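What follows is a set of notes on a single structure, which appears directly below.
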Amino acid sequence: MGGEISTYTVEEMHFAALFHDLGKMGQQEGEYYQPNDSQWHVDKLGMIYKFNTDIPAMKVPERSLFILQEIGCKLTQNEFITIKIHDGLYDESNKFYFMSGQKETRLRTHLPLLMHQADHMAAQIEFELWNNASGAVPKSKPANATKGDKTLRTAKKINTKNNPKLASATLDVIDSFFKD
């Protein structure tokens, strides 16, 4: 599509793709997401998980970068900027990078744009597959159903059999992050 691969390496692309959401895992002090203990929030708002307030508050990209530097991982400038701004304009603080009209402050690589689009597209496709596999889209919506009701019905239907693309090897890797 005219994107310049000469402005980044394939290794930088792979690195950013692998670690841009590392911060969603949490950090040494605890996981980022916890099961919500408020039944009202689960029932009325569909908030099945809540943020862990026992760990310092950080945005996911910043936590990802913090974890990488904490373990001594050196990043290229392209990797750093890509991980930092992969959420695109969904994060107000990224306006500086995406809305610059000046040559001096514009992005010098297409990698953050590629990562943002790939991340957004992957999330959309995953949601559609999950929604279709779980049968979460009812033919007709009950008159008094809330977003929370739909989320709960959907969550109760979800299991690995509903998603044939979720290989047991993938589940093993995910489970390994949560073992002591």
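The values are calculated or read from the model by the stated rules, or taken from the named source; none is laboratory data. The structure presented is a predicted model; accordingly, all values stated were derived computationally and were not measured. Here Cβ is always computed from backbone atoms with ideal geometry, including for glycine, and neighbour counts include all displayed protein chains. Note: accessible area is taken over every heavy atom of the protein model, side chains too, but ligands, DNA and RNA are not part of it. Shrake-Rupley method; radii C 1.70, N 1.55, O 1.52, S 1.80 Å.
Hey, among the residues in the range 3-29 that are modelled with pLDDT of 90 or more and outside any helix (DSSP H, G or I), which one's farthest from residue 74 (Cα to Cα)?
For the range 3-29, the residue satisfying everything is 26.
Filter the range 98-121 down to the residues that are modelled with pLDDT under 90 and assigned to a helix (DSSP H, G or I), then identify the one that is nearest to residue 17 (Cα to Cα).
98
Going through the range 60-89 one residue at a time, which ones are in a loop (DSSP other than H, G, I, E, B) and of a type in the set (D, E, K, R)?
Of everything in the range 60-89, those that are in a loop (DSSP other than H, G, I, E, B) and of a type in the set (D, E, K, R) turn out to be 74, 87.
Any chance you could count how many residues in the range 42-59 are open to solvent by less than 100 Å² (accessible area, probe 1.4 Å) and touching a residue at least 40 places away in the same chain (Cβ under 8 Å)?
Matching residues across the range 42-59 total 6.
Could you list, in sequence order, all residues of the range 127-155 that are surrounded by 13 or more Cβ atoms within 10 Å (Cβ to Cβ), at pLDDT 60 or above and either of a type outside the set (Ser, Thr, Tyr) or not in a helix (DSSP H, G or I) (or both)?
Hits for the range 127-155 are 129, 130, 133, 146, 149, 150, 153.
For the range 48-59, check the following and say yes or no: at least one residue is outside any helix (DSSP H, G or I), within 18 Å of residue 112 (Cα to Cα) and at pLDDT 90 or above.
Yes; the residues of the range 48-59 include at least one that is outside any helix (DSSP H, G or I), within 18 Å of residue 112 (Cα to Cα) and at pLDDT 90 or above.
Given (1) at pLDDT below 85; (2) surrounded by 11 or more Cβ atoms within 10 Å (Cβ to Cβ); (3) out of contact with any helix residue (DSSP H, G or I) (no Cβ under 9 Å at 6 or more places or on another chain), identify the lone condition not met by residue 176.
(2)
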